[in-house]
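Structure record follows, encoded as structure tokens.
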Amino acid sequence: MPAPYYITTPIYYVNDRPHLGHCYTTLLADAAARFQRLLTPDDRSVFFLTGTDEHADKVVSSAAAHELSPQAWADRNALEFRAAFDFMGCAYDDFIRTTEARHTEKVVGYIRELMARGDVYLGDYQGWYDETQEEYLTETAAREADFKSPVTGRPLVRRAEKNYFFNLPRYQERLLAHIGANPGFIAPEARRNEVLGRLREGLQAVPISRAVTADPGSRWGIRMPDDPGHRIYVWIDALFNYLTAVDTPERAGYWPARVHLIAKDILWFHAVIWPCLLMALDRPLPGMVYTHSYWVREGRKMSKSLGNFVTLEVLKAYAARYGLDAVRWYLLVHGPLGVTDADFAHGRFVEAYNADLANGIGNCSSRVTAMIQKYFEGAVPAPPESGLVTGAPASVDWRATCARAVAAAEAAAAQMDLAGCLRAGTDLVSAIDRYIGETRPFGLAKAMAAGGPTPAQAGLQHQLATILYNCAEALRIAAILLSPAMPGSMGRLLARLSVTLDQRVPLAELAAFDGPAALRPGTRVLAGEPLFARADPAEAAPAG
Ligand code: MSP
């Protein structure tokens, strides 16, 4: 049996309300997990984890501003994150919260282990601290950023404290060797180069604790083992979530994670500190740390000061107008998956909606189902013997075309190129459209209607049946390939073809043209409302 596909998202700070950025990463993981479940549909083959990071100091301050205890505030916001991901249709297998005992207890155990191995020790620390991001910057990074937070622009502060340190430099060579031997470990490549560049500057020990002071706020966090005067630095606590969630007898075999999905803001922690912690604990390293870029809005960076976040309310308004699957589609296919930022702009949304969905899969499925209604009384016509239309103006080897589409989708998904994975589905839709254009089934039907029952007529009838069988069967496969992005509407499309998707059959068989799961002649095909009605490019953006 292949190793399980364990995929994670960052765990999000609970001081903020969920917005597009958080929904995006979790949605990417959802689509990747859904695709992998198609590949190997067995209960244990895929595990998708998301959750919340709750021990940050800013949780204490925002809780105070709302006159709540940090825990009560975290409880409330963790629910909001869950609700947001549920709304987005993300089928996570577990939602971890760092205030849960199952997490905190294990974190203490890992730190003890690191201490026992001599990788964690008490020392003095002085450095430039970014209060908004809760992280220290190296001297060089602080200077380059003009002593301001590179993320929020707030001035850095000079801080001195007694801290526990993790001996990061001890693992530098091993990390470099690992990155060298595993080119896909840090992806995309530009991020790998970025990390390698910074590694050349050398590593320093990292503080992994914060002092507990007279300030009651400093009590928030997990205490260092056997030293209540220190709590574990929130970032170290948070990174361990990936392991604590699956470090149980029932989930044995899930570690190492196949993919950690993150954005560019938290690359260093995931590509350097986390792997070194794992090496120190003698645990295998994750297969891939995949970093995406940022969403901006209408060309401008989203920020608190501009107050221009694409909030969950905005996403809900788009879903109410265009359907949730259209929102999922836009984010997945037109988002910042690689190294360039992407714009959440209304014009772009409508353009993608019309081109990919209304005029793409939507129109194609309407055409095919309507023709089967009209010419075959809504029953799948008999399949061709060879999968080819002989004598027609165009012949397509559908078995090979569909097999290629499935292979292309699988190869793209392995590289986390989810847009490419889904393009395999839309390319198949285009192939069906082209085929209809070339074989002109409506023309054949007209010619048949004009003549009487002659042998030539029977030939036309056979050709028409062959063409429409091919279209319907290829449409079934396109819908399967598109379903990780659009489970709802592709489920509806498949239902119109009398197919239920949750067959316990691996994709290679499920999506084989004319294979074991193929459309059977005589099955009912329903035409219906368009799956995606065309949108007017001039219409106003839905307001959230
Ligand atoms: N709690 C830490 C992560 C700990 S992981 C062990 C954290 N949380 S966060 O709430 O700030 O979330 C950051 C993540 O949210 C990014 O890495 C990315 O996944 C997502 N995004 C936040 N804003 C984003 C955009 N504007 N665009 C795309 N995704 C972004 O950092």
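The values are calculated or read from the model by the stated rules, or taken from the named source; none is laboratory data. Just so it is clear, the model here is predicted, and its values are computed rather than measured. When we count neighbours, we look across all protein chains shown, and the Cβ atoms used for this are built from the backbone with ideal geometry, even at glycine. To get the accessible areas, we keep the full protein, side chains included, count just its heavy atoms, and leave off ligands, DNA and RNA. Shrake-Rupley method; radii C 1.70, N 1.55, O 1.52, S 1.80 Å.
Annotations
- A single member of ALA326, ALA280 is crowded, with 19+ Cβ neighbours inside 10 Å, among the small types (Gly, Ala, Ser) and within 30 Å of ILE236 (Cα to Cα), and it is ALA280.
- Of all residues assigned to the range 90-104, at least one qualifies as being open to solvent by 60 Å² or more (accessible area, probe 1.4 Å) and under 29 Å from the mean Cα position of the chain (by Cα).
- Every residue from the range 473-504 that is closer than 18 Å to ARG423 by Cα and among the β-branched types (Val, Ile, Thr): ILE477, ILE480
- Residue, farthest from the ligand (Cβ to nearest atom), within the range 233-244, restricted to residues that are among the β-branched types (Val, Ile, Thr) and in contact with a His (Cβ under 8 Å, 6 or more places away or on another chain): THR244
- Filter result for the condition that a residue is over 20 Å from the mean Cα position of the chain (by Cα), outside any helix (DSSP H, G or I) and either surrounded by fewer than 18 Cβ atoms within 10 Å (Cβ to Cβ) or not basic (Lys, Arg) (or both), over ASN15, ASN77: ASN15
- The test for being within 29 Å of the chain's Cα centre (by Cα) and either under 25 Å from ASP130 (Cα atoms) or open to solvent by 20 Å² or more (accessible area, probe 1.4 Å) (or both) holds for HIS260.
- Residue within the range 197-210 that is under 30 Å from GLU67 (Cα atoms) and not in a loop (DSSP other than H, G, I, E, B) present: yes
- Unique residue being open to solvent by 10 Å² or more (accessible area, probe 1.4 Å), under 17 Å from PHE166 (Cα atoms) and more than 9 Å from the ligand (Cβ to nearest atom) when the list is ASP227, ASP247: ASP227
- Hits in the range 1-35 (condition: more than 7 Å from the ligand (Cβ to nearest atom) and among the charged types (D, E, K, R)): ARG17, ASP30, ARG34
- Any chance THR104 is within 30 Å of ALA72 (Cα to Cα) and out of contact with any Cys (no Cβ under 8 Å at 6 or more places or on another chain): yes
- Among the residues making up the range 23-67, those that are part of a helix (DSSP H, G or I) and open to solvent by 10 Å² or more (accessible area, probe 1.4 Å) are ARG34, GLN36, ARG37, LEU38, LEU39, ASP57, LYS58, VAL60, SER61, SER62, ALA64, ALA65.
- Single unsatisfied condition, THR152 versus (1) over 20 Å from PRO10 (Cβ atoms); (2) modelled with pLDDT under 95: (1)
- Of the helices (runs of 4 or more DSSP H) that lie entirely inside the range 392-467, those containing 1 or more residues that are of a type in the set (Phe, Trp, Tyr) and open to solvent by 10 Å² or more (accessible area, probe 1.4 Å) span 441-450.
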